[in-house]
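Report on the structure given below.
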Amino acid sequence: MEYVSSLTGFRFDGRRPNEMRQIRGEIGVLAKADGSALFEMGNTKVIAAVFGPREVQNKSQQIDNQALVRCEYSMANFSTGDRARKPKGDRNIISYSADHGSKYINTFDASFSGKNLKQIDIFLQVLQADGGTRSACINAATLALADAGIPMRDIVTSCSAGYLCSTPLLDLNYVEDSAGGPDVTVGLLVKMDKMTLLQMDAKLPAEIFTDVMQLAIEGCKAIASYIREVLLENTKTLECMRGS
Amino acid sequence: MVGLSAGEKQFMHGGIAQDLRSDGRQRLQFRPISIQTGVIPQANGSARVTLGTTVVIASIKAELGKPAPLRPDKGKVVIFIDCSPTAGPMFEGRGGEELSSELSVGLQRCLLGGKSGAGAGIDLSSLVLAEGKICWDLYIDGLVISSDGNLLDALAAAIKVALSNTGIPKVSVIVEASAEDQLEVNVSDEEFLQFDTSGVPVIVTLTKVGRHYIADATSEEESQMSSAVSVSVNRHGRVCGLTKRGGAGLDPSVMLDMISVAKHASENLIAVLDSEIAAAEAAEDDGS
C-alpha cells in the first residue's frame, strides 16, 4: 500500500511526512480528581486523572525518600473501531498497565518532599484510540500532574514517529501504525533534553533510526511548547479568578 | 468513600428537612444537566451527560448478527456499564466491577423489558432485517468518567440521548435462493435510519435520607441514605421498571407516594432532555 503519495508527497490523511495531527489539551475536566486533563491527538482522545499526593495505602510498597507513583491504564469498550467484547480484566490490558506504571515511575521522578503523602495515582482512560495512545497518555498525564500541583523537575512529553515508504513519518495514526513498519515512541524531558522513554517494535537500519528518532524528538518539543501554552493559559485564568 | 463528620451529617439532615439542601437545591430539584452528542465519532451514536459534577458517556454500536433461535423476530440489545478509575481511586483494578454490574442490571431492567423482549423501551422488532437470519446487535456501552452520585439517572439519560443521536446504516437484503443460511446484505454508507426513541424511558431515583426523600442525590447525600427507589418512566407517564436499593424497609404507602412523585419529576426531566437534545443537535450541525 502507498502510505505516502509518490505524486504529492502527502500522507493518507493529507498531512506532510513531518506534520503532526491536531493536538488539543484541556485542564481540569474532572471535578472530583486532584488533577485532571483531556488530551487529543487527532482522533485519539485520552482522559487522565491524578489522585494524590496522599498517604501510601499499602505500607509494604512504601519507599523512603521517593514517591510511589502508580498508574492504571484502561480502554473504553467503544474506543476502538471494533467493539471489544471482553470486559475489564483482559490479561493484555493488565500487563500493559503494569508496564505503563513502571514507565511513569521512571518518567516522573517526583522529587517533592511531602512528609507522609507519597502516593500518587495516575488513572488513564482512553476514550478513542487512533494510534499513538501511549504518547497521548503520557501527554495527558503530564497536564494532569501539573494540574494537581505536583512539583516536577521538568515536563515530559511524548510523540511517535515511523518509517514507511522510505520516508520518516511523524505521529502515526492507526492505519499507519498497523502497517507493520517500525514505530518509534519517544518520551522526552524537554528542558533537560533527556529521553525517558524509547521504544521500537521493528527492525530499522541504524542511520535511518537516528533520523526517525530525531523526528520524534522534534515532535516532543512541539508538543511541549503547546503544553506550556496550555499551562500558562490555565495559570492566567486561575490568577484572574483569584483577583490579584 | 465519603467521610462526613457528625456536624456535617446533622447539617445535611437539617437542610433536607427544611427543603433547602447543602447546594441550595430543593428536595426534588435536579442539578443542572448539560448534554453533548456525537462525542465518539467511531460509534453509531454517542452522548456525554454532565449532571452537576457527575459525568457519563454512552455510546451505541450496531453490528450485524444473528437473532436468537428462540426469538427469530427480535434483535439483540446488550447494555454494559464500566466505571473508569478516573472517577475515583476506589474503581481501580476490579474495584468498580460490583457497582458496574449493579448499574448494568438496573438499566437492563428499566430499558429492555421482560425476557421475551416485550415492553422494551427499544423496539426490538425494528432491529430485524431478515427474520431468523440477520438482525442488528445493539451494544450500549456506558462509561462513568466522574462520579458524584445519581449515576443511574445520568446513565439512563445518556443512553436516551445517545439513542436519539444514533444513525443505523440502511441495509438491503439481497435475496439469495441458493444458499440456505447465508444471506447477502448491502450495507449503505450513505443512508442512515434514525431510531424511534419516543418509548425510551428516563430514570428518576428518589433517595431516602432521614424522614424525607430527595431527587438527584450527590455522593455525600447518598452516603447517608437508608434506601433508594429508581423508577423508570416513559413519555406517556407509564412506569417501565423499578429498582429498590438499600437495606431499610419502606412502607408501601410511602413507596406508592414515591412512584407518583418520580412520575411527576420525570415529566420535567424529559422536557429538559428534549430541549437539550434539540440544542445539542443544532450545535453539532453548526460545527460540521
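What to note about this one:
- For chain B, the mean residue ellipticity at 222 nm estimated from helices alone is -9500 deg cm²/dmol, where every DSSP H run of n ≥ 4 contributes -39500 (n - 2.57) and the total is divided by all residues, rounded to the nearest 500.
- Positive dipole terminus of the range B:131-288, leading residue within B:239, B:134, B:269 (C-beta point charges): B:239
- Cross-link partners of residue A:203 among aspartates and glutamates (Cα-Cα below 17 Å; sequence separation of 8 or more within a chain): A:176, A:177, A:183, A:211
- Sorted fewest first by neighbouring Cβ atoms within 10 angstrom, A:237, B:37, B:53, A:157 come out as A:237, B:53, B:37, A:157.
- Seen against the Cα atoms of chain B and their longest principal axis, helix B:97-111 is set at about 70 degrees.
- Taking the charge dipole of the range B:6-287 about its Cα centre, with +1 at Lys and Arg Cβ atoms and -1 at Asp and Glu Cβ atoms, the residue from B:111, B:218, B:229 reaching farthest to the positive side is B:229.
- The Cα center of the range B:191-232 and the Cα center of the range A:180-205 differ in position by 48 Å.
- Antiparallel bridge percentage (DSSP; both residues within the range B:6-287; nearest 5): 85
- Summed side-chain charge close to residue A:45 - residues other than residue A:45 whose Cβ falls under 13 Å, Lys, Arg +1, Asp, Glu -1: 0
- For residue A:10, residues with placed amide H under 5 Å, excluding near neighbours: A:5
- The range A:120-160-the range B:18-34 distance, computed between alpha-carbon centres (Å): 36
- Dimensions of the range B:171-261 from C-alpha coordinates, computed as largest minus smallest value along each principal axis and given longest first, are 68, 27, 26 Å.
- With one equal scatterer per alpha carbon and no solvent term, the Debye-computed log10 I(q)/I(0) for chain B at 0.10 1/Å reads -0.57.
- The listed peptides A:54-61, B:213-220, B:243-250, B:13-20, ordered by packing as a protection proxy, come out as B:213-220, B:13-20, B:243-250, A:54-61 (highest mean of other Cβ atoms within 10 Å first).
- Here the range B:6-287 is assigned +1 on the Cβ of each Lys and Arg and -1 on the Cβ of each Asp and Glu. Its dipole about the Cα centre then comes out at about 1140 debye.
- B:143, B:127 arranged by Cβ crowding within 10 Å, fewest neighbours leading: B:127, B:143
- Among the listed pairs B:76/B:170; A:32/A:221; A:45/A:191; A:118/A:191; A:59/A:194; B:61/B:133, those with a Cα-Cα distance over 22 Å are A:32/A:221; A:45/A:191; A:118/A:191; A:59/A:194.
- Note on residue B:244: aspartates and glutamates with a C-alpha under 20 Å away, same-chain residues under 8 apart excluded, are B:97, B:98, B:102, B:148, B:153, B:216, B:220, B:221, B:222, B:257.
- Here is the P(r) of the protein assembly as shown: all C-alpha pair distances, binned every 10 Å from 0, give 3, 16, 25, 25, 18, 9, 3, 0, 0 in whole percents.
- Charge dipole of the protein assembly as shown about the Cα centre (unit charges at C-beta), most positive-ward option of A:76, A:225, B:154: B:154
- For the range A:33-44, putting each phi into the Karplus relation 6.51 cos²θ - 1.76 cosθ + 1.60 with θ = phi - 60° gives couplings of 7, 5, x, 8, 7, 10, 10, 10, 10, x, 8, 7 Hz, in residue order, rounded to whole numbers and with x for Gly and Pro.
All of the numbers you see were taken from the coordinates with simple rules; none came from a lab. Computed from a predicted model, the values in this text were never measured in an experiment. Cβ atoms come from the backbone with ideal geometry, glycine included; neighbour counts cover every protein chain shown.
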